[in-house]
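Scroll down for the structure; my scribbles are underneath it.
What follows draws every value from the coordinates through simple rules; no lab data is involved. Owing to the predicted nature of the structure, the values given are computational and were not obtained by experimental measurement. Cβ atoms come from the backbone with ideal geometry, glycine included; neighbour counts cover every protein chain shown.
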Amino acid sequence: MDDLAFITAVAAGMVRSGTPVLLAAVGECLTERSGILNLGMEGIMLAGALTAVIVSYLTGNIFFAIIAALAIGALIGLLHAFLCLYFHVNQVATGIAVTILLSGITAFCGIDYVGKSIHSISAYKVPWLSELPFFGSVFFNQDILVYLSYAIVPLTYFLINGTRFGLSLKAVGEEPRAAAAAGVSVFRTRCIATALGAMLAALGGAYLSLVYAQGWTENITAGRGWIAVGLVMFASWNPWKAVLGAYLFGLAISLQLRLQAAGADVSPYLLGMAPYLLVILVLAVSKLRQKKIPAAGPTALSIPYLPQV
Amino acid sequence: MLSKAAGAMIAFSGSIASMLFGFVAVGIFLLLSGRNPATIYTGIFTGAFGDTFCLSETLVAATPIMFCALAVAIAARLGLMNIGVEGQLLFGAIGSTYVALTMPETTPSWLMLLLMALSACVCGALFALIPALMRVFMDINETIVSLLLNYVAALTVEYLIHGPWQDPTTTSWPQTMAFPPCAEMPHLEGSRVHLGLLVALIIGFLLMLVLHSTKFGFKAKVIGSNPQAALYAKYPLKRYLIVAMLLSGAVAALAGFSQVSAIEGRLRSGLSPGYGYTGFLVCFLAKHNPITIIVVSILLGGFLSGADSLQLSEKLPFATVNILQGMIFIFLLASENALKSWSEKLRLKLQAAEAS
């Protein structure tokens, strides 16, 4: 394999490995902008992944599988939002509780589906764009879900920064009391943002099981949900920067897999640590940079909203 | 105002109620999956507390949970969420394994165990130092960093047992050589209950003393509940946060030490079926109180070992434990504030009755 082919393969792998984290991170951006911290992303991705596998296995229809994963994601997002908004619980603890619960449920229900072959999504070459040198084979020789992720990022950015809903979203995330006084429903806005974010995470999970791994294994996400939450901090709540972070993570995974396949003389377990350490490192570096120019995070993030006080 | 005792009673009843709700919810789940919850629950109960052997196995499972929950409690006192206890446990196991494999086999047992414990504590504390420093000096959420480090710790164990530390006699098994006899903790006659339990109990009582009747404990409480006031009072905030995380990591590491020394006798994967996460839940159930932690650890340890015994006979997946833990956790979190607002309403009603 010559150098260009190797680089192209690594870069295409980067897009594939980065997509699940990208979807979850963009979703978490949206959720956190409304002032809700959803640490349950790991669990929601697991739920989305297993739901997609089960529905794909039972119906043989990818479309239904994705719809079902989205529905489960929305449901769990609403559960998290309900706990945060109705019971005013500690959001970090709820997220961890949701993840423990879902990792248990998915492991329990997924036993019969381990190793089952499912209908997967095949690649679709975009007619003209895939002819482009390098970029064509990296970005436009993927599957439909990857193309969907290309659309989701600008759409989310537009939703946050260009719509009326986005205005309410940011108001609720910054000054919920002022927003409520102006007639915006804090409860409803935060519920919608959490549900949408969770749907994106579930879609990321579905991508992981339907396309990336093409099947279900217990704990298939291996921490990608936590990584997505970490990347949102790195991205200072901007979906575009979250894409950058997700692809960086994807690059680490892709390189690691390629090096292993090429028979590099490094333990796969040591290589496996690289993506996690990279995210931690990237977080630290971006924080050092932000010390000079503080990032504008949602002020009301993870603070329970008590309207009666 | 409700009296302090009544407040504690209400808080504790919240823990009990959420456990009951958790059992009911999982019961429904088991029913839906075609199993009989009644037989499973009685099976778990007899498997956990049925006879002296079951009881001893419960204590064995409770020991690492106790260490982990106490570790979480130390950090929680200062308002830190150390979910990295799982990774710190594993690094403790690595630290003590290093000592057990390198010291000569003729080392006296007490010295060997002491060195293993020390090495475990140092490794666990240093591993906890990473999120601590990032939190204190860069204001990065310690929860996320310590969660990610749990995966790094698990991969480090895998690396060691597949690579440099792998038992040279059986290349097919990813595990280290068995420890020499002097590296094995003393057991209670005829059971697997080991010295670690005693150490955990002592740490629990010590922690109670430190938190409730020393200056350190008081300052820690102020920092945890009102950091602004602590800053105003010129408390050495950074130093306290770092010391708390170091202590937390060291205590979690003792769980890893006692598992490799007393139970496994070597380092291998699957060392912890998530003791760290269970410990996190236990600490919340016990409202961060060290003595309550001891009691709740034994309860959850019983559930773990009871469910373990049903894995074969009832074909009950071990994941059931996680489902129950998640359910209890969610009910607990919800009940906390529901109870608070309920008792507040009660208080207002009483006041109104008194006034009229």
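Dipole magnitude for chain B: computed about the Cα centre from +1 point charges on Lys and Arg Cβ and -1 point charges on Asp and Glu Cβ, it is near 1360 debye. Screening chain A for whole DSSP H helices of 20 Å or more along their axis (Cα) with average Kyte-Doolittle hydropathy at least -0.5 returns A:3-33, A:41-59, A:62-86, A:91-110, A:144-162, A:186-207, A:239-261, A:268-292. Ordering B:M327, B:M245 by the number of other Cβ atoms within 10 Å of each residue's own Cβ, fewest first, gives B:M327, B:M245.
Near A:Y147, once Lys and Arg are set to +1 and Asp and Glu to -1 for all other residues with Cβ below 14 Å from its Cβ, the sum equals +1.
Of B:V72, B:V26, A:V55, the sequence from fewest to most neighbouring Cβ atoms within 10 angstrom is B:V26, A:V55, B:V72.
For the peptide B:320-333, the mean number of other protein chain Cβ atoms found within 10 angstrom of a residue's Cβ is 6. A simple charge model with +1 on the Cβ of Lys and Arg, -1 on the Cβ of Asp and Glu and nothing else charged puts the dipole of the protein assembly as shown at about 2160 debye relative to its Cα centre. The packing ranking, built from the mean of other Cβ atoms within 10 Å per residue, places the peptides B:335-345, B:193-203 in the order B:193-203, B:335-345, highest first. Shielding value for A:101-112 is 6, the average number of Cβ atoms from other chains within 10 Å of each residue's Cβ. What separates the Cα centres of the range A:202-261 and the range A:97-149 is a distance of 11 Å.
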